[in-house]
Each structure stands twice: as structure tokens, then as C-alpha cells.
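The values are calculated or read from the model by the stated rules, or taken from the named source; none is laboratory data. On a predicted model such as this, the values are computed, not experimentally measured, just so you know. Using ideal geometry, Cβ is built from the backbone for each residue, glycine included, and neighbour counts are taken over all protein chains shown.
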Amino acid sequence: MHEATIGPYIPFMSAERTRKSFSPRRALAAFLLVMAALVMSAPESFAQDPFSDFFGGLFGGGGGGQRSAPSRPPSQPRVRRMMPHQENRAPTYWRGGEARAPRRAAKRTEGSAATPGAEQTTTAPAVPPSYFVAVMGDTLGILLSNGLQEAFSDKPDIAVLRKGKESSGLVRDDFYDWPKAARELAGGSQKIDVAVMMIGSNDRQTLRQGADALDPLSPKWREIYAARVDAIIAAFKEKKIPVVWVGLPVMKNESYSADMAKLNEIFRDRASANGAVFVDLWEALADERGQYSAFGPDINGQIVKLRSGDGVHFTEAGARSVAHFVASEVKKLYDARKPAEPAPASGQPTATAPAGQDGQPASQTAGHGAPNGAPVVFRSPVEAPVSSAPTLPDRPAIGPTQPLNAVPATAGGELARRTQAAPAADAGAQALTRHVFVEGGDQAPRPNRADDYSWKP
């Protein structure tokens, strides 16, 4: 066939042959070969992550084509930034004993490490605490210490020492001896200004004294329990450290709550006998009927959940509410230690004249005024105040006595007087009155009166 005749059929034959020879596997293999060739011939920065660079360039991101940001140096590796990991923290209302104190945000100081060449900002050092409050007790005491730390967060000079012990009490001294711990704490090197104790939620159990096993809240049990309360208070009283004993709140279980109320009677009695402060929380965490309620007002007056699901412990808001009552007593002791300001010698207001050039009062530098060291007293130039208000006469405290059943006497001794009779009306008026009001008749209408319904011309 002639070349001119065969020529027009060549494209058709090539397309038909290509359609018959197309395969997805061959297309994928060809694509991979092309990408491999690009990787081998591309610079190092593109070879590290060719797919992200290639597709990023297609959609306006980094890689391929024109880049909006300067490219990395060839020696700098690619850094992949991950999302920040959220730390799995324990509930904020439960933070264990002293070893698990709440973490505070670290502040950069002058000695902290910084990036070379970066601008370093220094902050003023925090005020060191000078007043220390030791909070002791069981789990409720630990939660109380958490609330007190938040209550005194605005007072850097007051520090809360967390000295609680989980699952402890005054009955099982073999597990933890609180009288011994109180003596060691009071006589230790750590300064303590106020001791706060909240304990007793684990003490409804048998007390063993030697070979005897005493039933809870029996007479002998109460005697030994009260003696241990006295021992704790005496350990701090010997060191002249005031004690604030916090009572137990109302509980969800009625039987358990009744026993906690009996323990409060022991705490209140021994605190009063030893000069300690007793804080009663029973009514503060109860409803209007004096019964358990898991909800109540917080420090802002909002109704929130104050008690946990077990009906014994506090939530974070509950611990803060309980700390509000205890913090008020601690602040009273804190303010009592401040030196009282001297009162002025007289009731007259005094003021010191401003100093002159030589440091002396201005009145003295001018050649007149009070002697050195004497205050300048300002007095009113008016000798006696003039009052323009009218004065009322003095009234006696008790007025004249008047009997309530006395009849006022009249002239002549008459009880009543006959008044003059009214003049008799004319006969026409009496007849009209009798006709209208007695007989119920109608009165003839008069012109221009309200009952005149005649047509006006």
C-alpha cells in the first residue's frame, strides 16, 4: 500500500494497540519507576520525604514548585511535630499525703537555663513563708489540707504543711501512733505556728488495750480515746502552739453518722477542757433538716456537689468549703500575733507639718510654731459652734395620768345635752319626699335635668 494511503491509519492503529495492552499493574509499575527516577535525581531535602513534598506542592504547601517559606539547608533533617501529649493526672481533690503535694508551676529565675542569645526575663523572688500551719489527720484531714492550700493561695507568708496519714486514726496505734507523731512534730526542727487536726472517720472499730478488746464507744473505749485526744493537744500546748480541732461532718449512712456525732462530743469536750479551738462542720454540710446532703453552696454561693459518692469524703469544692470555716479560725490566730498599732494620746487629730529645706518643720523654719518634736495641732478658729437648728422644749418622760373609764363632766353635771330641733320643711317638700322614698313613685322630670329625655328643638 502506498505511504500516503497507510499514513492516515497509523494513529488509529496505535490507539487500538495501546487500549488492548493497558493494565493497572503496568500503570502502577510505571508510576513507581517515574517516582524512583525523581528521587534519584532530586536533591537530598526532596529525597527525605518525596511524597509529602510532591503532593504538598500540588496543594500549595511545602515541596515542589514555588515555596512560600524558605527551604531547609541540605544538612538539616526534617522534623515532624506531634500533637502535645496530655498528662494523665490524678483527680485534683485527692492528692495523697505530704509526699504527693500538688505541683506548682515552675518560675524562671536568674539561675535557670536559657537558650543562648535569647532574651532572659527575671522575676522577683517569692516572699518566703513565715507562718506555718500543720494539718494532720486521716483522709479527711488530707483533703482539708488541699482546701487550705487553695484558701491561703493569696497569702504567700502562710504555708500549709501536709502531715496527714491515709487510713489512720486514734484507735489503731499499732498502724500509726498519732500521739507519738504529734510529739515529734511539735519538738522537731520545722517551725509550726498552728496545728490543725481532723480525724476519726476510721475509728468506729474495736480498741485493744493489752489483752482486752473494747467495743466501739463503750465507756472504757471512750475513756482511752479521750486520753489520746488529750495527749495530742498536750504535745502542742507544751510548745505553746495553738490547736484547731475540726469535727467530723454528717455522713450518708445513718448508723455511721450517729457514731461520728458521738466522736464529735468527745472532740468538743476535750478541746474545751484543753483550751483548743473546735470547728463544728455538722450543720454546715447538712440540709435544712439536719440530714446528709451531697450538694450544698460553695464559697461563691453556687449549689455544687460537696461530697463524694461514698458519702464520707469531700469533693474538691467540698474540701474548699470546709477549708473556709477552718481558715477563718487560723486567720484569727494569725492576726492575733501581729503587734497592735499604738493609739493616739488624745482625741484631737494631730498632724506633722511638712519639712522645710533643712529638714525641720516648715513652721519652725519660718520662726514660729511648736517646739522641736512636738506635733502641730490644728484647731478650729471658731470658739463655739453656732447651731441654726431650732431647739425643742424638754418633754417629761411620763405625762399626766388619765383614767380610761372616766366620763368627762359637763357643765351642770349632765351626761348629754338636747340639741335644737331642725326647722320643719314645708308641706310640699315633705309630700315629695314621702312620694319618692316611701311610696316609690317617680318624680316629674324637670327641664335640663339628667332625667329630662325630651327632644330639644
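Remarks
- Sole residue being closer than 14 Å to A323 by Cα, in a helix (DSSP H, G or I) and not basic (K, R), chosen from S153, S145: S145
- One residue alone among D212, D230, D280, D259 is of a type in the set (D, E) and under 24 Å from the mean Cα position of the chain (by Cα), and that residue is D280.
- With respect to (1) surrounded by 22 or more Cβ atoms within 10 Å (Cβ to Cβ); (2) out of contact with any strand residue (DSSP E or B) (no Cβ under 8 Å at 6 or more places or on another chain); (3) at negative phi, the lone exception for E223 is condition (1).
- Among the residues of region 273-297, the ones that are crowded, with 18+ Cβ neighbours inside 10 Å and not in a strand (DSSP E or B) come to 3 in all.
Per-residue answers, yes or no, for (1) at pLDDT 95 or above; (2) over 22 Å from I192 (Cα atoms); (3) surrounded by fewer than 19 Cβ atoms within 10 Å (Cβ to Cβ):
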{"residue": "I303", "(1), (2), (3)": "no, yes, yes"}
{"residue": "L306", "(1), (2), (3)": "yes, yes, no"}
{"residue": "V312", "(1), (2), (3)": "yes, yes, no"}
{"residue": "V326", "(1), (2), (3)": "yes, no, no"}
{"residue": "V330", "(1), (2), (3)": "yes, no, no"}
{"residue": "A336", "(1), (2), (3)": "no, no, yes"}
{"residue": "S346", "(1), (2), (3)": "no, yes, yes"}
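- Where strands (runs of 3 or more DSSP E) fall wholly inside region 168-272, the ranges with 2 or more residues that are without any contact (Cβ under 8 Å) to a residue 12 or more places away in the chain are 212-214.
- Any hit, region 192-208, residues being modelled with pLDDT under 95, surrounded by fewer than 20 Cβ atoms within 10 Å (Cβ to Cβ) and either more than 20 Å from D259 (Cα to Cα) or of a type in the set (G, A, S) (or both): no
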